[in-house]
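Student: One structure is given below, represented as structure tokens, and several questions about it will come after.
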Amino acid sequence: MEQEKSVWVIGHKNPDTDSICAAIAYADLKNKAGKRKYEPKRAGHVNEESQFVLEYFGFPVPEYIADVGAQVKDIAIRKTQGICSNVSLKTAWEMMKEQNVVTLPITSHNGLLEGLIITGDIATSYMDVYDSRILSKARTQYKNIAETLEGEVLAGNAHGYFVKGKVVVGTESPELMEEYIEDDDMVILGNRYEVQLCAIEMNASCIIVSSGAKVSKTIQKLAEERGCIIITTPYDTYTISRLINQSMPVKYFMRQENLVTFETEEYIDDVREIMSKERHRDFPVLREDGSYVGMISRRNLLNMKRKQVILVDHNERTQAVDGIDGAEILEIIDHHRLGSLETISPVFFRNQPLGCTSTIIYQMYQEQGIEIPTKIAGLLCSAIISDTLMFRSPTCTPMDRQAAEALALIAGIQLEGHARQMFQAGSNFSAKTPQEILYQDFKTFHTDEVEFAIGQLTAMSMEGLQEAKEKLSGYIGQVQKEKQLDMVYVMLTDILEESTELIFTGERAKEMAMQAFHGHAEDHGDSLWLKGVVSRKKQMVPALMLALQGH
């Protein structure tokens with residue numbers, strides 16, 4: 001029985017500390033409470049603050065997942081066994097009937113795909129071949145011929161190959177045979193001693209004796225001396241002539257060029273498009289190294305198992321990992337406004353007006369009576385400190401502060417000192433590129449007519465933020481064009497001053513921000529100074545949404 005795949009717990013793109021820590025903690029909680037296996041993942045680069053937290057509490061960075069869309073490896077791949085290229089057409093045909101398939105893969109000794117043989121290729125070998133030299137051209141092994149004819153090799157090397165000459169049916173007259181038998185021919189004949197002797201003396205490479213006739217020791221000895229193979233079979237000459245082409249190796253008829261194959265990591269959307277343009281019924285699946293895995297068909301796409309995911313710290317489609325429409329969402333744990341995600345079936349959805357997703361997960365540990373491990377407590381506490389800006393954000397609730405204080409005791413950390421270390425780690429912008437700075441916390445939003453993005457940088461003083469501002473001022477315009485956004489904003493938030501300098505790009509960006517914070521925004525020309533504004537979720541996004549919807 002195939003092992004059930006793990007469920008991925010994953011946060012939003014450009015993850016912040018809450019997104020990373022919540023994924024790790026919730027996977028831990030689910031693993032302790034349930035029978036399934038849950039794994040934390042990430043949908044983007046881990047910023048320096050999050051990296052500091054992970055290293056401080058001894059956690060590895062979760063694996064990066066670029067896309068959660070269904071892949072070939074999520075399909076029930078049919079494990080059709082590969083066959084050797086020397087296998088006879090008859091054996092291949094019997095395997096097809098036994099397995100009820102129309103395609104067989106030809107594989108090398110180390111498992112690499114060499115070609116395909118389909119029922120149509122075998123039919124061609126029967127119906128469209130009139131060349132009496134086809135067996136030698138196909139380099140047919142004598143062992144294959146004996147097996148196909150249900151016979152036995154009496155003389156010569158059964159593992160040798162028929163490589164030269166034609167196949168002929170002998171007559172009862174040695175004199176007539178001398179007129180058409182040539183060197184290296186394969187001769188089908190009866191039980192007459194003189195005819196067998198004639199064929200050997202005419203330098204036949206092989207004689208096939210029909211009807212189960214006995215072959216004398218003298219003929220066998222002479223054949224050994226002359227290097228002639230002797231095969232005996234219970235079939236008559238007519239049946240031998242009809243069956244013998246089935247002994248040819250599949251490699252002579254297999255398809256090798258322009259094969260349509262898929263790798264296990266390919267996404268189903270791409271596979272479906274390619275399949276729609278091909279007439280083939282079955283398609284080989286390969287690993288990255290070219291080794292053969294199995295076969296899939298269009299029918300398999302109907303029974304694919306979507307990846308199962310739990311989303312934390314977001315419920316916006318634009319913020320979710322790529323391919324989310326092709327995955328099965330099982331749960332959503334979040335503390336943001338309701339977004340644009342749609343699910344295939346009902347899901348467990350927990351959304352609370354708290355300052356941090358990790359506060360919700362802390363509550364869930366308590367509700368289920370599961371003890372919080374020391375290091376997990378450290379992650380949850382760090383996430384709350386980060387998301388609430390050490391309780392200075394208007395999103396912070398008494399529950400967030402209470403949770404952080406309780407978690408700090410479990411983790412054995414001092415809140416103020418730990419917060420300062422975290423924020424210092426995250427506000428070192430000198431060695432970063434503009435891209436690294438912007439995308440460490442960057443989210444996209446949209447109304448019916450406008451799509452915009454807001455990035456946020458936090459620091460313990462404005463000095464580091466001014467360095468970031470210089471790097472970003474020209475870059476955000478480039479991002480706006482590349483992502484085809486109407487507006488881009490970046491919040492440069494001073495935690496201690498509890499204020500934000502807002503930089504922006506876009507034709508109406510400044511106008512909309514001025515309207516959003518009418519009477520509370522100081523115009524500094526290329527930026528706006530927003531006193532008391534520190535929260536993107538509770539202050540920036542709602543205010544901008546109202547301003548945009550009023551136009």
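Student: Given the Cα-Cα distance of Arg36 and Ala431 and 0.36 nm per residue of separation, how much length would full extension add, in nm? Intermediate values should be presented prior to the final figure.
Tutor: Working: separation 395, 0.36 × 395 = 142.20 nm, distance 4.20 nm.
Between Arg36 and Ala431, full extension yields 138.0 nm more.
Student: Out of residues 5 or more away from Ile188 or on other chains, whose amide H comes under 5 Å of its own, with H placed 1.01 Å from N in the peptide plane?
Tutor: Counting only residues 5 or more places away or on other chains, the set is Val168, Val169, Gly170, Ile208.
Student: Sequence neighbours fewer than 8 away in the same chain don't count; with that in mind, list the lysines whose C-alpha is under 21 Å from Lys166.
Tutor: The qualifying lysines are Lys90, Lys137, Lys143, Lys251.
Student: Once the Cβ-Cβ distance between Glu449 and Lys277 is put in as r, and R0 is 35 Å, what FRET efficiency do you end up with, to the nearest 0.05? Don't skip to the end; give the middle numbers.
Tutor: Numbers: r = 37 Å, r/R0 = 1.07.
After rounding to 0.05, the efficiency reads 0.40.
Student: Cα axis of helix 89-99 to longest principal axis of the chain: angle in degrees, 0 to 90, nearest 10?
Tutor: For helix 89-99, the angle is close to 50 degrees.
Student: While we're on this one: Evaluate E = 1/(1 + (r/R0)^6) for Ser216 and Tyr126, where r is the Cβ-Cβ distance and R0 equals 35 Å; express this FRET efficiency to the nearest 0.05. Walk me through the numbers before you get to the answer.
Tutor: Numbers: r = 35 Å, r/R0 = 0.99.
Efficiency for this residue pair is about 0.50.
Student: Separate question: How much length is gained if the chain between Asp325 and Tyr180 is pulled fully straight, taking 0.36 nm per residue apart and subtracting their Cα-Cα distance, in nm to one decimal?
Tutor: Numbers: separation 145, 0.36 × 145 = 52.20 nm, distance 7.12 nm.
Extra length from Asp325 to Tyr180 when fully extended: 45.1 nm.
Student: Turning to a different aspect of this structure: For Ile229, enumerate residues with amide H under 5 Å from its amide H, sequence gap 5+ or separate chain, H modeled in the peptide plane.
Tutor: Cys206, Ile207
Student: Here's another thing I want to ask about it. Taking all pairs of distinct Cα atoms, average 1/r, flip it, and tell me the Kirkwood hydrodynamic radius of the range 162-229 in Å to one decimal place. Display every interim value, and only then the final one.
Tutor: Details: mean 1/r = 0.0862 Å⁻¹.
Evaluated on the range 162-229, it is 11.6 Å.
Student: Take the Cα coordinates of the range 437-547, assign each an equal point scatterer, and use the Debye formula without solvent to give log10 I(q)/I(0) at q = 0.10, 0.11, 0.15, 0.23 Å⁻¹.
Tutor: The Debye formula, applied to the Cα set alone, gives -0.24, -0.29, -0.56, -1.45.
Student: Here is a further query. How high is the relative contact order of the chain, given as a whole-number percent (alpha carbon pairs under 8 Å, six or more residues apart)? Numbers along the way, then the final one.
Tutor: Working: 1112 pairs, mean separation 80.7, N = 551.
Once normalised by length, the contact order is 15 percent.
Student: Moving on. Between Asp269 and Gln424, what's the calculated FRET efficiency when r is the beta-carbon distance and R0 is 41 Å? Round to 0.05.
Tutor: Numbers: r = 44 Å, r/R0 = 1.07.
For R0 = 41 Å, the calculated efficiency reads 0.40.
Student: Just to confirm, what accessible area per residue do you get for the chain at 1.4 Å probe, in whole Å²? Mind showing how you got there, number by number?
Tutor: Working: 25590 Å² over 551 residues.
Per-residue accessible area for the chain comes out at 46 Å².
Student: Can you tell me the dipole magnitude for the chain around its Cα centre, using point charges on the Cβ only (Lys, Arg +1; Asp, Glu -1), in Debye to the nearest 20?
Tutor: Numbers: 57 positive and 78 negative charges, 250 e Å.
Taking the Cα centre of the chain as origin, the dipole is about 1200 debye.
Student: In Å, what Kirkwood hydrodynamic radius results for the range 174-321 from the alpha-carbon pair distances?
Tutor: On the way: mean 1/r = 0.0476 Å⁻¹.
Result for the range 174-321 stands at 21.0 Å.
Student: Hey, what do the phi angles of the range 19-31 turn into as Karplus ³J(HN,Hα) couplings, whole Hz, using 6.51/-1.76/1.60 and θ = phi - 60°, x for Gly and Pro?
Tutor: 4, 6, 5, 5, 4, 5, 5, 5, 4, 4, 4, 5, 5
Student: Round to the nearest 10 and give me the degree value, 0 to 90, for the angle of helix 374-387's Cα axis relative to the longest principal axis of the chain.
Tutor: Compared with the principal axis, the helix lies near 60 degrees.
Student: Have a look at Tyr56, Thr374, Leu528 and report the one farthest towards the positive end of the charge dipole of the chain, computed about the Cα centre with Cβ charges (Lys/Arg +1, Asp/Glu -1).
Tutor: Thr374
Student: Just the number, please: carbon plus sulfur as a percent of the accessible area of the chain, 1.4 Å probe, no ligands or DNA/RNA counted. Don't jump to the answer; show the numbers that get you there.
Tutor: Details: 12180 of 25590 Å².
The computed percentage sits at 48.
Student: Ranked highest first by average number of other Cβ atoms within 10 Å, how do 157-163, 184-190, 420-426 line up? Mind showing how you got there, number by number?
Tutor: Details: 157-163: 15.6, 184-190: 22.4, 420-426: 19.0.
Ranking, from highest mean packing down: 184-190, 420-426, 157-163.
Student: Among the aspartates and glutamates, which have Cα under 13 Å from the Cα of Lys214 when same-chain residues fewer than 8 positions away are ignored?
Tutor: Glu152
Student: Please list 3J(HN,Hα) in residue order for the range 421-427, calculated via the Karplus relation 6.51 cos²θ - 1.76 cosθ + 1.60 where θ = phi - 60°; whole Hz, with x for glycine and proline.
Tutor: With the stated coefficients, the range 421-427 comes to 5, 4, 5, 5, 4, x, 10 Hz.
Student: Would you mind checking Lys41/Lys307; Lys432/Lys469; Lys375/Lys537 for any pair whose Cα atoms are more than 20 angstrom apart?
Tutor: Values: Lys41/Lys307 13 Å; Lys432/Lys469 12 Å; Lys375/Lys537 28 Å.
Too far apart for the 20 Å limit: Lys375/Lys537.
Student: Which one of Tyr365, Leu149, Ser88 is farthest out on the positive end of the charge dipole of the chain, using unit charges on Cβ (Lys, Arg +1; Asp, Glu -1) and the Cα centre as origin?
Tutor: Positive-most Cα among the choices belongs to Leu149.
Student: Let me ask something else. Output ³J(HN,Hα) for the range 308-316: one whole-Hz value per residue in order, computed from phi by the Karplus curve 6.51 cos²θ - 1.76 cosθ + 1.60 with θ = phi - 60°, and x for Gly and Pro.
Tutor: Per residue, the Karplus-derived 3J(HN,Hα) values read 9, 9, 10, 9, 10, 6, 5, 8, 9 Hz.
The values are calculated or read from the model by the stated rules, or taken from the named source; none is laboratory data. Only a predicted model underlies this, so the values are computations on that prediction, with no experimental measurement involved. Cβ: placed from backbone, ideal geometry, glycine included. Neighbour counts: every protein chain shown. Ligands, DNA and RNA are stripped out before the accessible areas are found, and what is left, the full protein with its side chains, is counted by its heavy atoms. Shrake-Rupley method; radii C 1.70, N 1.55, O 1.52, S 1.80 Å.
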